[in-house]
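Derivation of every value follows stated rules applied to the coordinates shown; laboratory data play no part. What you see is a predicted model; the values in this text were computed from it and never measured. Backbone-built Cβ (ideal geometry, glycine too); neighbour counts: all protein chains shown.
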Amino acid sequence: MMIESKHEDVGRDVAALVGRVLMSAIFVWSGFTKLTAAAWFQGYLASLGVPFPEPAWAAAVAIELVGGLALLLGMQARAAAAVLGVWCIVTALIGHTNFADVDARIHFMKNVAMAGGFLFIATFGAGAYSLDRLRLRLRAAYLGRLSHW
């Protein structure tokens, strides 16, 4: 059995925070861009043959912006990571399968790699520096007070 030091715990938690910030950045930015350039993105979706580009745009904004912010804050991080991971695979299959184009191949593999990162977050959680952990601490403190009654 391996015993980890407090220093290793802090390092792991800082790494989880930095990882969440880095993983969420592209989605917060992309979701905001889609929100502010709605007509352009809806046209892009239509050019890909996506049916109902307006609802697809709304879904993209919600998933990327809300999911990205949830991940950034560590709020329902496991669920947000699972949704964003599936989103990465779906968007890779819809928008990046022209493998004759080097750029499309790179974006396809980027999406696959990000899905793998999201699998880690969905499995192991957001870490200590997150709203999820704060909620658990507050709940434990509240339940602790109730047990004194």
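Between Gly125, Gly68, Gly95, the GNM of the chain built on Cα springs shorter than 10 angstrom shows Gly95 fluctuating the most.
Need one number: the % of Cα-Cα pairs in the chain sitting beyond the 27 Å mark. That fraction is 34 percent. Can you find, among Gly116, Leu131, Tyr142, the residue farthest towards the positive end of the dipole of the chain? Put +1 on the C-beta of Lys and Arg, -1 on that of Asp and Glu. Result: Tyr142.
Comparing Val83, Val18, Val102 in a Gaussian network model of the chain where C-alpha atoms under 10 Å apart are linked, the largest mean-square fluctuation is found at Val102. Computed from the C-beta positions of Ala104 and Ala58 and an R0 of 30 Å, the FRET efficiency is 0.75 to the nearest 0.05. Within the chain, helices built from complete DSSP H runs that reach 30 Å or longer along their own axis (Cα positions) and carry a mean Kyte-Doolittle hydropathy of -1.0 or higher are 6-36, 102-124. Were the residues from Ala38 through Asp9 laid out at 0.36 nm apart, the gain over their Cα-Cα distance would be 6.1 nm. When only the Cβ of Lys, Arg, Asp and Glu is charged (+1, +1, -1, -1), the dipole of region 8-147 relative to its Cα centre reaches about 520 debye.
Could you list the chymotrypsin sites (Phe, Trp or Tyr not before Pro) in region 52-108 that lie in coil according to DSSP, counting only those with at most 14 other Cβ atoms within 10 Å of their Cβ?
Of the chymotrypsin sites (Phe, Trp or Tyr not before Pro), the ones in loops of region 52-108 whose Cβ has at most 14 other Cβ atoms within 10 Å are Phe99.
The mean sequence separation of alpha-carbon pairs under 8 Å and at least six residues apart, normalised by the residue count of the chain, gives a relative contact order of 25 percent.
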